[in-house]
Ligand SMILES: CC(C)(COP(=O)(O)OP(=O)(O)OC[C@H]1O[C@@H](n2cnc3c(N)ncnc32)[C@H](O)[C@@H]1OP(=O)(O)O)[C@@H](O)C(=O)NCCC(=O)NCCS
């Protein structure tokens, strides 16, 4: 309570002045990113021995060649901690400087405590608050939007946003229609104040719960305690209407990206790099085509990781920075979609650690 009052009074005492002399919202950006995936890699050939499938089918329908799968004992929070440490290192920020840790996940280690509390403790973010956020594969962008509100107002200054999944735990390894698609991993971003003109320009968040049944895990919650998986599937595993999700994904990626650009007063041609949720290379290619975005300005690593749900965008971001596909001054668009159904997009000017204000 005391620290909350202190933060609020600091906000009133030190408003951000944007050069006009009037208090304004602080510009907020990403100061560092990091990722981590389990060491164990499962290639398509290995899946050929588990279900009736072929490497040729998986590659031609999804673009996926391999995925990382957690070993027994490897946890969602553990993956998140490693990604978080790398993001802090890149940002040049000590864990004690963090005010908040948000973990976007659909595969928390426990119903409670929050995975974010475990990440907070194990990265050494001794001053930070922590909570999880659930918006499935759109979760990382949702979490960035939440973090941005806290920093914009001055309530918090440094936030670790993590997307972490051990999704292999909820994959039905007898269902060839889904088990070939997913993988485990984590990515993280440090969010903080940046110089005027940089950072996040706009967000677009959306939900259409009428499509809840199209991508769902029914067991584990309280909504359907009677579900026993009459079709032979474990109630705790993913059920999906693949082709309907595919069509939804292509449509919302196009629409949501256009909306964020429109809100920011930008055009498709202004975007240096689009980092979409990595679910299927055919979805990414179809959405890019609808947007009129050349493939060389679209980042994809789905071939190496499969769909890591909330972790896919931050893993891709970390690799885009590492490969220097994303550099300070670039205009970056992010777009994701997933269960809910849900979607989210954002556009920002990339700064990296040099942009910290
Ligand atoms: C799942 C997906 C790859 C399937 O591709 P598709 O071209 O739509 O294929 P279909 O579902 O029409 O299935 C075609 C056939 O392939 C079969 N098939 C499905 N998975 C298979 C596999 N791993 N190996 C071989 N055959 C497979 C189906 O049984 C079907 O056979 P049938 O025609 O005899 O019934 C695709 O629909 C997809 O990616 N959807 C979106 C999924 C997604 O991104 N989910 C996560 C969102 S966050």
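The values are calculated or read from the model by the stated rules, or taken from the named source; none is laboratory data. Predicted model only: the values in this text are computed from it and were never measured. Quick reminder, even Gly has a Cβ in these numbers, built from the backbone with ideal geometry, and neighbours come from all protein chains shown.
Data table
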quantity: Count of residues meeting criterion [part of a strand (DSSP E or B) and closer than 20 Å to residue 261 by Cα] in the stretch 320-352; calculated: 15
quantity: Hits in the stretch 296-314 (condition: more than 25 Å from residue 198 (Cα to Cα) and either touching a helix residue (DSSP H, G or I) at 6+ places or on another chain (Cβ under 8 Å) or assigned to a loop (DSSP other than H, G, I, E, B) (or both)); calculated: 301, 302, 303, 305, 306, 307, 308, 309
quantity: Residues of the stretch 277-302 that turn out to be within 15 Å of the ligand (Cβ to nearest atom) and closer than 15 Å to residue 256 by Cβ, as a count; calculated: 6
quantity: Residue match in the stretch 53-64 (condition: in a loop (DSSP other than H, G, I, E, B), away from the ligand (no atom under 16 Å from the Cβ) and crowded, with 19+ Cβ neighbours inside 10 Å); calculated: no
quantity: Test for residue 247: is it at pLDDT 95 or above and within 12 Å of the ligand (Cβ to nearest atom); calculated: yes
quantity: Yes/no for residue 129 being modelled with pLDDT of 95 or more and in contact with a helix residue (DSSP H, G or I) (Cβ under 6 Å, 6 or more places away or on another chain); calculated: no
quantity: Which numbered condition residue 4 fails, given (1) part of a helix (DSSP H, G or I); (2) surrounded by 14 or more Cβ atoms within 10 Å (Cβ to Cβ); (3) at pLDDT below 95; calculated: (2)
quantity: Filter result for the condition that a residue is part of a strand (DSSP E or B), at negative phi and away from the ligand (no atom under 15 Å from the Cβ), over 317, 274; calculated: 274
quantity: Residue list for the stretch 72-102, filter: closer than 23 Å to residue 356 by Cβ and not in a helix (DSSP H, G or I); calculated: 92, 93, 94, 98, 99, 100, 101, 102
quantity: Residue selected from the stretch 227-242 under the condition assigned to a loop (DSSP other than H, G, I, E, B) and touching a helix residue (DSSP H, G or I) at 6+ places or on another chain (Cβ under 7 Å), by the criterion modelled with the lowest pLDDT; calculated: 236
quantity: Verdict on residue 339 being within 12 Å of the ligand (Cβ to nearest atom), touching a residue at least 60 places away in the same chain (Cβ under 8 Å) and surrounded by fewer than 24 Cβ atoms within 10 Å (Cβ to Cβ); calculated: yes
